[in-house]
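What follows is a single structure, written as structure tokens, with notes after it.
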Amino acid sequence: MSKRQFKYLDSLIHVFVVVLMVSNLVGPKIIAIGPFRISGAQLLFPVTYIFGDIFTEVYGYSASRRAIWVGFFASALLSVMGLITVALPPAPDWPHQVAFATVFNFVPRMVIASLIAYWAGEFSNAYVLARLKLWTKGKHLWVRTIGSTLVGQFFDTAIVMVIAFWGELNLQLIGTLIVSGYLGKVIYEAAATPLTYLVVNTLKRRESVDVFDEGTDFSPFHAEKRGQSSPRLSM
């Protein structure tokens, strides 16, 4: 796996990171859909989990691990540069400091919450999907995508809400935010299952690969080295 070149993997990782970055930038916008209120990030962020399912299902856990770390460091860089740029004094004749700060002034506590939640949610999603693929012997893709989403989105939603709002909101309200956000994300990704099927099957066919993570080291911090045993490939 470490020596094989894939046609689409690098491009997919690039798109994944772009979607992640855009979801961070549009997050401050609150959208009204009937009686519901959601942030702009909720329109795009669940898509990153769909990408995570595709990476793990087609290319294996190691590819998903690579994409997650690239996205993590990209998000961290965006947040740090946002904080620094907003803090720098604006030119006296530049009238857009307030608007700029609204978009880029990431609150440090929210930055930490979102990064930890992203890290935990994405890795748990990838781990569960890889394990379920072995358990189901590669059948019933919907079981893997929805099952991994149930776990990954729970960790993501619970962690970000608890870290971001602990001590500021009462526990009942935090619980309500967790439940509503979690259900919304799960429904979003379940509805996207047909699209996930289409993309996964197309990639497997065009890449001539289907990875089963037998013998894979699932540590988030593990790095593939030359000469190591590879996950099983089904051609």
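The values are calculated or read from the model by the stated rules, or taken from the named source; none is laboratory data. Computed from a predicted model, the values in this text were never measured in an experiment. So basically every Cβ, Gly included, is an ideal-geometry build from the backbone, and we count neighbours across all protein chains shown. Each accessible area value is taken on the protein alone, full model and side chains, heavy atoms only, with ligands, DNA and RNA left out. Shrake-Rupley method; radii C 1.70, N 1.55, O 1.52, S 1.80 Å.
Going residue by residue through segment 39-50, is there one that turns out to be under 16 Å from residue 10 (Cβ atoms), over 11 Å from the mean Cα position of the chain (by Cα) and part of a helix (DSSP H, G or I)?
no
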Item to complete: For residue 154, work out the one condition from (1) of a type outside the set (D, E, K, R); (2) part of a helix (DSSP H, G or I); (3) more than 19 Å from the chain's Cα centre (by Cα) it doesn't fulfil.
Response: (3)
Worksheet item: Just one of 120, 126 is among the aliphatic types (A, V, I, L, M), at pLDDT 90 or above and touching a Ser or Thr at 6+ places or on another chain (Cβ under 7 Å); which is it?
Response: 126
Practice prompt. Report yes if residue 144 is in a helix (DSSP H, G or I) and open to solvent by 60 Å² or more (accessible area, probe 1.4 Å), otherwise no.
Written response: no
Discussion item. Could you check segment 70-87 and list, in sequence order, the residues that are open to solvent by 30 Å² or more (accessible area, probe 1.4 Å) and under 17 Å from residue 17 (Cα atoms)?
Written reply: 70, 72, 73, 77, 78, 80, 81
Item to complete: State whether the residues of segment 28-38 include one that is closer than 25 Å to residue 186 by Cβ, open to solvent by less than 60 Å² (accessible area, probe 1.4 Å), within 15 Å of the chain's Cα centre (by Cα) and of a type outside the set (S, T, N, Q).
Response: no
Discussion item. Can you report the number of residues in segment 88-108 which are in a helix (DSSP H, G or I) and open to solvent by 80 Å² or more (accessible area, probe 1.4 Å)?
Written reply: 2
Practice prompt. Working only within segment 117-134, note down all residues that are open to solvent by 10 Å² or more (accessible area, probe 1.4 Å) and among the aliphatic types (A, V, I, L, M).
Written response: 120, 128, 132, 134
Item to complete: Being of a type in the set (A, V, I, L, M) and open to solvent by 70 Å² or more (accessible area, probe 1.4 Å) is the filter; apply it to segment 174-189 and report the residue that is farthest from residue 48 (Cα to Cα).
Response: 179
Practice prompt. Return yes or no: is residue 114 open to solvent by less than 80 Å² (accessible area, probe 1.4 Å), on the phi < 0 side of the Ramachandran plot, in a helix (DSSP H, G or I) and at pLDDT 95 or above?
Written response: no
Fill in: Matching residues, segment 190-202, being within 14 Å of residue 55 (Cβ to Cβ) and open to solvent by 20 Å² or more (accessible area, probe 1.4 Å)
199
Worksheet item: Before we move on, is residue 168 within 30 Å of residue 6 (Cβ to Cβ) and either surrounded by 22 or more Cβ atoms within 10 Å (Cβ to Cβ) or of a type outside the set (A, V, I, L, M) (or both)?
Response: no
